[in-house]
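Please read the structure below before turning to the comments.
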Amino acid sequence: MGKEIEIVEKENIDWKNPKVFIGFPDVGLVGTIATFHLVHKLKLREFAYMDSKLFPPVVIVHRSRLSSPIRFYTDEKNSIVVIISEMPIPPAIVYDISEVLIEWLKNIRPEIVVILGGLIHPQRLELEKPEIYSLASNDKTHNLLKNSGTLLLEEGLLSGPNSILLKYCSRYGLDAIYLMVEAHPHYPDPESAAIIIEKLNFMFGFNVDTKELIEKGEEIKIKSKELMRKTQENLRSLQRSDAFMMYR
Amino acid sequence: MPVWNIDFYDEKTLREFKKRMLEPLISIEDSADFLILTADLPKARKESIEVNIAANSIEIKAEMREEHKVKLWNSLRREISFTHYHKVIPLPLEIVPDKVKVRFINGILEIKLPKKSHGRKIKLE
């Protein structure tokens with residue numbers, strides 16, 4: 001099954017332990033909005049994309065160029081990798097995508113994998129400053145999180161591609177963290193995306209301006225409306241699959 | 001920033017293009033005595049928001065502060081502009097229209113709809 005998904009590299013890059021940032025569409029589209037912003041602000045270039053017969057039969061057209069919904073970007077020094085997705089990951093292929101990604105990540109030997117996502121806050125409208133929760137793949141990254149100013153997630157149930165990817169990072173010995181910012185359960189949340197980028201600035205020494213995410217927040221919300229709608233449909237089917245869990 | 005995931009074959013998108021009105025994202029949550037309906041209305045002018053309530057549906061209308069343009073291809077029209085939101089939402093159960101509460105915070109419209117009670121309380125003996 002895994003072979004039906006491939007990562008097509010357009011360049012042969014000699015990686016030197018890059019930091020990898022991944023944001024699949026989930027709660028509030030936080031990961032997607034944040035990774036798009038990183039690509040835009042850090043002026044990253046596309047070097048690879050993911051292709052599969054299992055994806056919906058679509059191609060993205062941007063500035064008259066063909067593109068894939070899941071793309072890989074890097075900077076001039078090849079010191080970071082940002083993986084973005086313009087399509088919600090269908091639950092049926094979450095494991096396959098994660099396996100293919102993990103195989104690729106093992107080859108490039110990342111210094112760290114940082115997964116960005118949202119965590120539902122039912123009263124998001126009343127919330128002035130959403131908190132960031134975090135989870136690590138191993139003891140080393142668990143210790144890193146202790147000084148990150150994030151709240152370590154202690155109990156709970158996580159579903160979706162981000163959590164499966166973290167599980168695979170843990171299983172295959174990759175240093176990884178999953179940062180989840182409280183976000184609106186039903187609508188795109190550029191403000192929460194800005195908060196998670198501020199955290200990346202603090203943790204990894206970036207200097208990415210987040211003003212644009214706030215100023216153009218309404219525009220981003222309108223543009224990402226359809227992606228949010230389809231992501232919601234996905235999330236609903238994932239929630240239905242949570243039904244077997246005992247009450248905790 | 002690109003427009004994400006616009007599906008020009010999608011029925012809802014075609015409806016939006018035909019009416020030149022955006023349909024907001026909405027959600028309905030069921031709490032004990034209320035339905036809480038929210039609608040995301042970025043760029044909506046607060047004073048223009050209209051909520052029309054019937055026993056089993058709600059209509060939301062709003063003007064946008066500025067137009068939202070979408071570029072098209074394979075069409076005589078290269079661009080289409082949206083200036084309004086419009087959506088009629090069927091409700092899953094009957095509500096009490098007179099006691100509805102509405103607020104608009106950070107571009108999100110929240111409508112609290114009291115459920116119509118059909119039963120009566122019975123005291124335990």
Consider the range A:188-230. How many of its residues are away from every other protein chain (no Cβ under 11 Å) and either under 17 Å from the mean Cα position of the chain (by Cα) or over 15 Å from B:Asn106 (Cβ atoms) (or both)? 20
Residues in the range A:51-75 that are assigned to a loop (DSSP other than H, G, I, E, B) and touching a residue at least 12 places away in the same chain (Cβ under 8 Å) total 8
Here the residues within the range A:159-182 that are crowded, with 24+ Cβ neighbours inside 10 Å and at pLDDT below 95 are A:Pro161, A:Asn162
Tally, over the range B:81-125, of residues that are at pLDDT 90 or above, touching a Lys or Arg at 6+ places or on another chain (Cβ under 7 Å), charged (D, E, K, R) and surrounded by 12 or more Cβ atoms within 10 Å (Cβ to Cβ): 2
List, please: which pairs have Cβ atoms under 8 Å, are six or more places apart or on different chains, and start with a residue in the range A:204-227 that is basic (Lys, Arg) and end with one that is surrounded by fewer than 20 Cβ atoms within 10 Å (Cβ to Cβ)? A:Lys216/B:Met1; A:Lys221/B:Gly107; A:Lys223/B:Met1; A:Lys223/B:Pro2; A:Lys223/B:Val3
What are the pairs, 6+ residues apart or on separate chains, where a residue within the range A:121-138 that is in contact (Cβ under 8 Å) with a residue 12 or more places away in the chain and of a type in the set (A, V, I, L, M, F, W, C) has its Cβ under 7 Å from a residue that is crowded, with 20+ Cβ neighbours inside 10 Å and in a loop (DSSP other than H, G, I, E, B)? A:Leu127/A:His121; A:Ile132/A:Thr150
Does B:Ile26 fit the bill of being buried (at least 17 other Cβ atoms within 10 Å of the Cβ), more than 12 Å from every other protein chain (Cβ to nearest Cβ) and under 21 Å from A:Lys221 (Cβ atoms)? no
The range A:104-120: number of residues that are farther than 19 Å from A:Phe24 by Cβ and either touching a strand residue (DSSP E or B) at 6+ places or on another chain (Cβ under 8 Å) or aromatic (Phe, Trp, Tyr) (or both): 1
Taking the range A:84-110 only, how many residues are at pLDDT 95 or above and in contact with a Ser or Thr (Cβ under 7 Å, 6 or more places away or on another chain)? 1
The lone exception for B:Val70 - which of (1) within 16 Å of the chain's Cα centre (by Cα); (2) touching a residue at least 24 places away in the same chain (Cβ under 8 Å) it fails: (1)
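Filter the range A:37-61 down to residues that are among the hydrophobic types (A, V, I, L, M, F, W, C) and more than 25 Å from A:Pro190 (Cα to Cα) and give me whichever is nearest to the other protein chains (Cβ to nearest Cβ).
Selected residue: A:Val58.
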Taking the stated definitions as given, is A:Ile13 crowded, with 17+ Cβ neighbours inside 10 Å and in a loop (DSSP other than H, G, I, E, B)? no
When the residues of the range A:87-103 are narrowed to those that are surrounded by 21 or more Cβ atoms within 10 Å (Cβ to Cβ) and in contact with a strand residue (DSSP E or B) (Cβ under 8 Å, 6 or more places away or on another chain), which ends up nearest to A:Val8 (Cα to Cα)? A:Leu101
Pick from the range B:31-64, criterion within 14 Å of chain A (Cβ to nearest Cβ), of a type in the set (A, V, I, L, M, F, W, C) and crowded, with 20+ Cβ neighbours inside 10 Å, ranking: nearest to A:Pro122 (Cα to Cα): B:Leu37
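The values are calculated or read from the model by the stated rules, or taken from the named source; none is laboratory data. Bear in mind the structure is a predicted one, so any value in this text is a computation, not a measurement. Cβ: placed from backbone, ideal geometry, glycine included. Neighbour counts: every protein chain shown.
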